[in-house]
Amino acid sequence: MLETVQKIQDESRQGEAIVPANGDTRTYSKKFYIESYGCQMNFNDSEIVASILNQEGFGATRNVDEADLVLLNTCSIREKAEQTVRQRLTEFKKTKKNKPGFLVGVLGCMAERLKAKFLEEEKLVDLVVGPDAYRTLPALIEEAGTGQKAINVLLSREETYGDISPVRLDSNGVTAFVSIMRGCNNMCSFCVVPFTRGRERSRDPYSILAEATDLFERGYREVTLLGQNVDSYYFVDEAKDETVTFALLLEKVAAVSPLLRVRFSTSHPKDITDEVLHAMARHENICNYIHLPVQSGSNRILQLMNRTYTREWYMKKIDRIREILPDCALSTDVITGFCTETEDDHQDTLAVMDYAKYELAYMFAYSERPGTLAARRYTDDVPEEVKKRRLSEVVALHRGHSLEGMQKEVGKTCKVLIEGVSKRSDAHYFGRNDQNKVVVFPRENFQKGDYVMVKIDDCTAGTLIGTIVPA
Ligand code: SAH
Ligand code: SF4
Ligand code: F3S
């Protein structure tokens with residue numbers, strides 16, 4: 001299946017059991033097993049859930065058979081994501097039958113979208129908990145323990161879990177995600193997120209900075225600030241009489257230490273400001289990489305999608321980025337076969353991709369989501385095989401661009417943060433450069449978490465290959 005190319009790398013962990021990476025030495029009387037699906041924010045939520053459960057005496061395990069509680073933190077973004085979870089649930093049937101008291105919980109976006117219907121449709125599920133209700137998990141688990149079904153899918157206008165210190169699950173000890181906001185106020189017509197995550201709210205900057213500082217002190221060297229729409233981060237600090245915009249937040253996090261790299265995702269093209277670009281230019285440790293989803297290159301489709309920008313506006317944004325940050329890498333999301341999309345619209349998308357030459361792209365065939373504006377107003381009229389064919393064209397074009405982007409690096413020297421030992425060879429480390437490109441090189445006498453200068457000798461479509469040179 002060619003649903004995505006690059007995403008496969010990111011999503012390889014999807015559905016895998018995740019356990020704490022830090023040396024947690026507490027002993028727990030009960031065990032939970034958690035699998036996460038979907039976006040980085042959802043993975044980060046699982047770390048918040050782990051923290052809440054640890055407080056309740058539940059320790060994480062990688063082994064379902066050892067668990068008293070199984071949790072699936074789910075995603076609703078496309079139909080396939082939901083099908084994967086439904087399929088996975090059936091695999092717990094046997095354990096459930098053989099193990100009295102064994103609880104199965106569904107968290108996240110699918111829980112929120114389907115609510116009580118989930119309990120009716122999937123008999124083995126005991127708990128349904130939406131993304132804003134994780135603080136009530138202990139009470140819900142207790143309720144479910146008495147044999148009742150437990151559910152809380154209330155969305156909140158305030159909840160940011162700002163005071164909860166996430167338990168880093170399956171972490172490399174070098175890079176971490178920090179959520180800075182929740183929800184989304186945009187109403188892209190194809191998207192289920194506003195329904196599953198609720199209204200947008202920004203987390204207070206103090207707790208963000210405290211978390212980044214704590215991570216740095218524990219040896220982490222990179223944080224990625226997460227939100228559906230980070231550029232609309234906005235916090236009024238009445239005590240200090242200060243308005244914290246995303247640009248200011250970036251500067252504050254960058255000031256934690258010059259050795260702490262800062263990344264962020266996602267930027268909505270309509271909201272990213274010059275201030276953000278200037279902040280990136282001013283701080284060497286704010287990485288030169290922007291995820292700027294275009295979705296479509298056709299003005300007619302962009303309007304139907306309610307993206308509130310035109311292709312011309314989008315391309316001007318790219319010009320501005322290149323003007324202020326000449327070395328900035330760009331990535332994108334593209335949807336093919338949205339309602340009424342014609343061959344001409346599709347060609348417009350290919351043309352914008354040609355203009356942007358993205359280093360990385362997440363590409364999808366349109367999947368209608370119940371309840372969205374598009375589902376209510378428009379007909380999902382592009383045949384599946386046409387969506388797939390257009391997707392394969394988008395993927396092929398992108399492959400060329402990404403390879404070109406990699407080849408441009410050959411011969412150059414770049415600063416790399418070492419993230420760990422390469423999967424392919426113990427004698428090599430892997431890390432990423434400023435532009436988020438993966439670099440592999442012989443280890444020499446360096447450690448995970450060190451910065452090294454690497455001369456790039458060669459590349460594949462996904463990896464730069466090099467050797468360490470003196471700094
Ligand atoms: N907040 C981000 C995107 C979050 S969802 C933004 O505004 O760009 C991640 C990506 O999934 C989207 O960018 C979009 O490309 C894709 N997506 C969302 N809904 C989809 C749908 N119904 N069908 C196919 N792809 C979809
Ligand atoms: Fe969905 Fe649009 Fe919000 Fe992104 S900005 S989460 S695509 S509604
Ligand atoms: Fe999926 Fe929810 Fe994220 S729908 S992409 S897990 S916000």
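The values are calculated or read from the model by the stated rules, or taken from the named source; none is laboratory data. Model, not experiment: these values are computed from the prediction. Counting neighbours? That spans all protein chains shown, and the Cβs are built from the backbone with ideal geometry, glycine included.
Restricting to region 64-110, name every residue that is in contact with a strand residue (DSSP E or B) (Cβ under 7 Å, 6 or more places away or on another chain) and assigned to a loop (DSSP other than H, G, I, E, B). Selection gives Ala67, Asp68, Arg78, Phe92. For region 235-328, the helices (runs of 4 or more DSSP H) that sit wholly inside it and include 3 or more residues that are more than 25 Å from Asp214 (Cβ to Cβ) and not basic (Lys, Arg) are 274-282, 299-304, 311-324.
Scanning region 147-192 for residues that are within 13 Å of ligand 3 (Cβ to nearest atom) and assigned to a loop (DSSP other than H, G, I, E, B) yields Leu155, Gly183, Cys184, Asn186, Cys188, Phe190, Cys191, Val192. Exactly one residue among Val276, Val223 is touching a residue at least 12 places away in the same chain (Cβ under 8 Å), touching a helix residue (DSSP H, G or I) at 6+ places or on another chain (Cβ under 9 Å), under 23 Å from Tyr161 (Cβ atoms) and not charged (D, E, K, R), and that residue is Val223. Taken over region 190-223, the criterion of being touching a Phe, Trp or Tyr at 6+ places or on another chain (Cβ under 8 Å) and surrounded by fewer than 20 Cβ atoms within 10 Å (Cβ to Cβ) is satisfied by Asp204 alone. The condition of being closer than 30 Å to Glu368 by Cα, in contact with a Leu (Cβ under 9 Å, 6 or more places away or on another chain) and away from ligand 2 (no atom under 16 Å from the Cβ) holds for only one of Tyr233, Tyr134, that being Tyr134. Filtering region 183-197 to residues that are out of contact with any helix residue (DSSP H, G or I) (no Cβ under 8 Å at 6 or more places or on another chain) and either free of Cβ contacts under 8 Å to residues at least 24 places away in the same chain or more than 11 Å from ligand 1 (Cβ to nearest atom) (or both) leaves only Pro194. What are the pairs, 6+ residues apart or on separate chains, where a residue within region 159-180 that is without any contact (Cβ under 8 Å) to a residue 40 or more places away in the chain has its Cβ under 9 Å from a residue that is of a type outside the set (D, E, K, R)? Note: no pairs meet the criteria. Scanning region 408-430 for residues that are surrounded by 14 or more Cβ atoms within 10 Å (Cβ to Cβ) and more than 21 Å from Leu325 (Cβ to Cβ) yields a total of 9. Filtered by the rule that a residue be outside any loop (DSSP other than H, G, I, E, B), farther than 12 Å from Phe338 by Cβ and either assigned by TED's automatic domain parsing to the domain that holds Met110 or touching a helix residue (DSSP H, G or I) at 6+ places or on another chain (Cβ under 8 Å) (or both), region 369-403 gives Glu393, Val394, Leu397, His398, His401.
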